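What follows is a short report on a single structure.
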Amino acid sequence: MDWLTGTKIPVGEVARDVVDWLTANGAWFFDGMADAINALIDAILWVLQTPHPLVVIAAFAALAWFLQRSWSVVVLVVAGFLFIINQDYWEQTTETLTLVLCSVLVCMGVGVPVGIAAAHRPKLYAVLRPVLDLMQTLPTFVYLIPAIVFFGIGMVPGLVATAIFVVPAPIRLTHLGIVSTPLDLREAGLAFGATPGQLLRKVELPYALPQIMAGLTQTIMLSLSMVVIAALVGAAGLGVPVVRALNTVNTALGFEAGLVIVVVAIMLDRMFRRGG
């Protein structure tokens, strides 16, 4: 096998050269992106951390009622937040919620339009599909290396790595919802003189809404699964005590932080689950 290994394809070298070139020529772009992301993170953190925790809990309870019209969900949300306060993880939880909310805004803002475009252009989706497969299957730690090079240490590289890992979910589910629209509905809309834009707004998007909401839920859950990995590059939140517990073999700390992450995941899942 020496003849095969002797002519190694320079995959790593090419990737290194691309990253070096981007670092040297795209610093202005990455600095601007980092400033915009930091502004978004600071704004959400201010909203979550400035008011009294009970005010924030009341706002989430009202949102849960508005989305689900269920008192059981409201009680679950309130009880979950009170448990988090009892465990003294309020600040870390708001930081994790900030990361999740930023990820949702970025991924849904990119994923839904791209999914719609891919549904209307099969050739575009044929090109996107292997890229999406690569983004979801490549180990997430690999994303952290260029993220650190481009953005340094902190919340920004953690958010970028999270967005790269998560954005295929809303793209795929939006695409699935649009292409699943029955042909009869499309033909009925065209028969009544609907333009392509009206057909999208009044026929395709309403029919695809359950899939889009499933993409939203997947985005939230996948973003939460990245909080520990994001903590490795300096992102604040619930991942920090988990990493600290791992480094010190602290079972109590690890179980506390892990349980709080589970509680946050359950609350967000029940709030945004389609069907309320």
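Determine the share of the stretch 50-189's accessible area contributed by carbon and sulfur atoms, expressed in whole percent, with a 1.4 angstrom probe.
Looking at the stretch 50-189 in its full context, I get 73 percent from C and S.
Sticking to Cα atoms, compute the Rg of the stretch 148-219 to one decimal and its Dmax as the biggest Cα-Cα distance, whole number, in Å.
Both quantities, over Cα of the stretch 148-219: 17.4, 56 Å.
Return a whole-number percent for the relative contact order of the chain, with Cα pairs under 8 Å and 6 or more residues apart as the contact set.
The normalised contact order for the chain reaches 24 percent.
Please work out how much length the chain gains when fully extended from residue 58 to residue 88, using 0.36 nm per residue of separation minus the C-alpha to C-alpha distance, in nm with one decimal.
9.0 nm
Would you mind pulling out the separation of the Cα centroids of the stretch 150-180 and the stretch 182-204, in Å?
The distance from the Cα centre of the stretch 150-180 to that of the stretch 182-204 comes to 29 Å.
Can you pull the one-decimal nm distance between simple spin-label points at residue 21 and residue 123, each 7 Å off the Cα toward Cβ?
If labels sit at residue 21 and residue 123, their model points lie 2.6 nm apart.
What length, rounded to one decimal in nm, is gained on full extension from residue 191 through to residue 134, with 0.36 nm per residue of separation minus their alpha-carbon distance?
16.4 nm
In the stretch 112-140, whose amide N lies under 20 Å from the spot 7 Å out along Cα-to-Cβ of residue 9? List them in ranges.
127-139
In Å², and per residue, what accessible area does the chain have when probed at 1.4 Å with the other protein chains present?
For the chain, the per-residue accessible area is 54 Å².
If I take R0 = 25 Å and measure r between the Cβ atoms of residue 69 and residue 221 in this structure, what FRET efficiency does the formula 1/(1 + (r/R0)^6) give, to the nearest 0.05?
Efficiency computed from Cβ-Cβ geometry: 0.65.
Which one is right for this structure if Kirkwood radius over Cα pairs in Å is calculated from it: [x] 22.1; [y] 20.9; [z] 18.3?
From the options [x] 22.1; [y] 20.9; [z] 18.3, the structure gives [y].
Would you list the P(r) distribution for the stretch 1-107, with all Cα-Cα distances sorted into 5 Å bins from 0 and each bin expressed as a whole %?
2, 10, 13, 14, 12, 10, 7, 6, 7, 8, 5, 3, 3, 1
How long is the gain from residue 243 to residue 207 if the chain were fully straight, where each residue apart is worth 0.36 nm and the alpha carbon distance is subtracted?
8.7 nm
The values are calculated or read from the model by the stated rules, or taken from the named source; none is laboratory data. Note that the structure is predicted; figures quoted are calculated from it, not measured. Note that each Cβ is placed from the backbone with ideal geometry, even for glycine, and that neighbours are counted across all protein chains shown. Remember, those area values only see protein heavy atoms, side chains included, never the ligands or the DNA or RNA. Shrake-Rupley method; radii C 1.70, N 1.55, O 1.52, S 1.80 Å.
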